[in-house]
Protein chains: 2
Amino acid sequence: MRTLRAAARHDVAIIPFGGGSNIAGCLERMDTRRMTVSLDMRRMRHVLAVDAESCTARVEAGVFGPDLEEQLSGHGMTLGHFPDSFLHSTLGGWIATRSAGMQSDKYGKIEDMVLALRMVTPEDVLATRMVPKSSNGIDVNHLCIGSEGTLGVITEATMRVHPRPESRVVPAHLFPEFESGLEAMRECVRRECTPSMVRLNDPDKTALSLAFKPPSSRISRAVNEIFKRYLRVKGFDLPRACLMLTAFEGRKEDVSSRLRQVSAIYRRFGGVSLGPSAGRSFESTKYDFPHIRDFLLERDVTTDVSETSTVWSNILPLYRATMRAMRAAVAESGVPPWSGCHISHTYHSGASLYFTFGFIQQQGHEMEQYLAVKRAAQQSFIDHGATLSHHHAVGTEHLPWLAADISPLGVRAVAAIKQGLDSGNIMNPGRLCPSPDAFREWLRIGGEPRANMKAKAAPFR
Amino acid sequence: MRTLRAAARHDVAIIPFGGGSNIAGCLERMDTRRMTVSLDMRRMRHVLAVDAESCTARVEAGVFGPDLEEQLSGHGMTLGHFPDSFLHSTLGGWIATRSAGMQSDKYGKIEDMVLALRMVTPEDVLATRMVPKSSNGIDVNHLCIGSEGTLGVITEATMRVHPRPESRVVPAHLFPEFESGLEAMRECVRRECTPSMVRLNDPDKTALSLAFKPPSSRISRAVNEIFKRYLRVKGFDLPRACLMLTAFEGRKEDVSSRLRQVSAIYRRFGGVSLGPSAGRSFESTKYDFPHIRDFLLERDVTTDVSETSTVWSNILPLYRATMRAMRAAVAESGVPPWSGCHISHTYHSGASLYFTFGFIQQQGHEMEQYLAVKRAAQQSFIDHGATLSHHHAVGTEHLPWLAADISPLGVRAVAAIKQGLDSGNIMNPGRLCPSPDAFREWLRIGGEPRANMKAKAAPFR
């Protein structure tokens, strides 16, 4: 707090920094007139207390994913939060951005895991109590969660944790088409037997995933050929087929009984088991995908993602409209578009859609191309009733759509909290409070060479 | 909105009013210098849209529990929210107070059910989108949930709903003591097989519950005697025994498989099945308890409740300390104390404790007696790491403990939102923002004859 007070006295802006893996632009300096300090949180990395009876852990916010899991495993526990950025991101960052891990279907999103937290602001400390649920007015935990560094520094949190799972299996299935895979996912939710992770690739992403398979022997290629013939006999039209990856973890008996239930549902909707190899390949590469972008960027191919969530009845309309909009935006620049999508993170009322796009760069127009397709995706989300992001935060990338998402008065409410807790506006200034000119600003920041460099330099973007 | 604007123009305070059943004092006028209007919401009672595929329903906020369930049942759906006040309370009131229904173990607390909402403030409308989860900065739904009418009027909400259950059973069990019943509850949570409702009475409340049984025939009395002998043989010390009521609902096969799992756990912790009659008696009287208070008040007996939540490891220490504190506070006034407690609303990390107390009034000192025991309970919650209320809201009754619960800076954050959305302070003024003098104020309001009259007149208090 002394640091923040000093910063306030000298009008220095502070941006709390964990792993620096955020890809929505939460961490770059926006206010260039003032001195800005990135406050490195990584030395606050300790698990302070574990209550095995209540399954809670009090943890400092600067801890990285692997370090946290290692410390918790000493108590036989896991947090169960495994975002794509797991290796490079911190607890504080997850909370400040409303992150989701791959297994949120079982463990919840990060906001579901927070029992209590401590946030240091320039003037005082906000601290809540370790209680499972309360009716103490407006839930102030939720003022800190998702605040993206704009109110203060989240220094520690008490999280719900779980006994480490005895068993884990990752079966893969192929569905005859996207629609039947989606129906199967929804049926698992209705029957209250969701896996801990479920991820349905659309046909384009299925083709991409299968292309990432490790090189295979001649025998396994022969087996593959036989399997493909079997699928055709079963009525599969292979270019329309969709890969479904599912994970189950927990006690051995619970895993096997749930696996049985889910497999029966999958069969009912035409799903065919692919055996263990696709799941194994996913397990060994699951944290690699973000690095592929950087690899491709250096080879004149831009790839990036936009993701959202919506209710079940809106998933297919939103999917189709967004794919159309993204492809049209790329095609306009004269290069062939590629895009794909997976559905994951299921909830009672809906799920998340995660779009990936890619195109060959046209020299000198790289950012224009990028901004056109990113804009098309985000605008499609908003036009079709979805949200600006399911788990990547607002940052600078999504700021122009914030008022459309949470209504102008929602933005004013957020600004009011900011004004109340950080009247000097030193905490991550410029974020969560879009100016009326937000969209022009977005184009300007996106168009700067700095932003382009940043895109290439960061471990993730 | 026109109403609120007119009110703001004429400096008239507005208190949104649904069923008037709140027992924490959320609805009485606190600012006596200004004209105050209770805004009756009860004509906004329609289910506007049901999406059966996504299991969502958009509903006007003024609808009463039974009316809502009847409209939803036309679509084959239920909200699954059944608080004690179900017959006399509204959706808007549930959301504004962070209410919990009896079956929150299955369906969640009200804040878990809200997908989107609409709140009209004196200046504009805050509206959020119907999405299952988001990462769009600070979650503005959570600014409205629990706002107790201080920011605006919640006019509608989109809620997650569920197919109506095919089957429902309410078994009752007797445990040899409180501790083993508690262990059994926690084990169900750990095994991820919680019932839709679970309620463990302590020995004092068990005795009270059994006294409420309907009059029995001579034969059933004989059977009872035999059963008591059986319990003694099984090692039960009857005055220490605890009643556990459990409910399961859902698909027939799911209900029976879960019932099997839970019964096995109960047996492991010494639970003995009591057959269907105790559950039947609970089902037929579950909404009656609040009326008993009014009945007793008119007969010179004060009874009331205080409830909270805490983590599993703290339940017994908190239980013992609070019982001691409440009994000492009553005993000080020279009459014999009665108090009891039940544990319900289980979560991964803890549960709710619901204390009931009663005493014979000493003429002229009724409110003093009441305030002493209420204060003892609330202070014990705060001293022992719990929260001021699990589902009854802050109101006036719990206001002096708000800063201790959410920290002084938490209170300032709430005040900042209020300042931002209701700068004229016309929405339910005086609530959620305790003055430094909050406790003296509490004693003053509590001591006024008005408050005493109110206690006797309201259908619930």
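Things to note:
- Just one residue in the set A:A61, A:A57, A:A52, A:A127 is touching a helix residue (DSSP H, G or I) at 6+ places or on another chain (Cβ under 9 Å), surrounded by fewer than 22 Cβ atoms within 10 Å (Cβ to Cβ), at negative phi and more than 7 Å from every other protein chain (Cβ to nearest Cβ); that residue is A:A52.
- Those helices (runs of 4 or more DSSP H) of region B:302-408 in which at least 3 residues are touching a Ser or Thr at 6+ places or on another chain (Cβ under 7 Å) and open to solvent by less than 30 Å² (accessible area, probe 1.4 Å), considering only elements entirely within it, cover B:315-332, B:366-383.
- Residues of region A:76-120 satisfying the condition of being under 24 Å from B:T310 (Cα atoms), open to solvent by 30 Å² or more (accessible area, probe 1.4 Å) and touching a residue at least 60 places away in the same chain (Cβ under 8 Å): A:G76, A:K106
- Scope region B:414-431; condition on the phi < 0 side of the Ramachandran plot, more than 7 Å from chain A (Cβ to nearest Cβ) and touching a Pro at 6+ places or on another chain (Cβ under 9 Å); matching residues: B:D422, B:S423, B:G424, B:I426, B:M427
- Condition met for A:A24 (surrounded by 19 or more Cβ atoms within 10 Å (Cβ to Cβ) and under 19 Å from the mean Cα position of the chain (by Cα)): yes
- Among all positions in region B:161-171, there is no residue which is facing another protein chain (nearest Cβ under 8 Å) and either modelled with pLDDT under 95 or surrounded by 24 or more Cβ atoms within 10 Å (Cβ to Cβ) (or both).
- Within region A:172-195, tally of residues that are in contact (Cβ under 8 Å) with a residue 60 or more places away in the chain, within 12 Å of chain B (Cβ to nearest Cβ) and not hydroxyl-bearing (S, T, Y): 7
- A:Y230 being more than 19 Å from A:C341 (Cα to Cα) and at pLDDT 95 or above: no
- Boolean, A:R42 is of a type outside the set (A, V, I, L, M, F, W, C) and more than 24 Å from the chain's Cα centre (by Cα): no
- Any chance B:L297 is of a type in the set (A, V, I, L, M, F, W, C), open to solvent by less than 20 Å² (accessible area, probe 1.4 Å) and away from chain A (no Cβ under 14 Å): yes
Every residue, every condition in (1) free of Cβ contacts under 8 Å to residues at least 12 places away in the same chain; (2) facing chain B (nearest Cβ under 10 Å), yes or no:
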position: A:K374; (1), (2): no, no
position: A:G385; (1), (2): no, yes
position: A:L402; (1), (2): no, yes
position: A:S407; (1), (2): yes, yes
position: A:R412; (1), (2): yes, yes
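- Taking the numbered list (1) more than 20 Å from A:V262 (Cα to Cα); (2) out of contact with any Asp or Glu (no Cβ under 8 Å at 6 or more places or on another chain) in turn, A:R240 passes all entries but (2).
The values are calculated or read from the model by the stated rules, or taken from the named source; none is laboratory data. Bear in mind that the values here come from a model prediction, so they are computed numbers and not experimental data. Cβ sites come from the backbone with ideal geometry, for glycine too, and all protein chains shown count toward neighbours. Side chains are part of the model used for accessible areas, which takes the heavy atoms of the whole protein and leaves out ligands, DNA and RNA. Shrake-Rupley method; radii C 1.70, N 1.55, O 1.52, S 1.80 Å.
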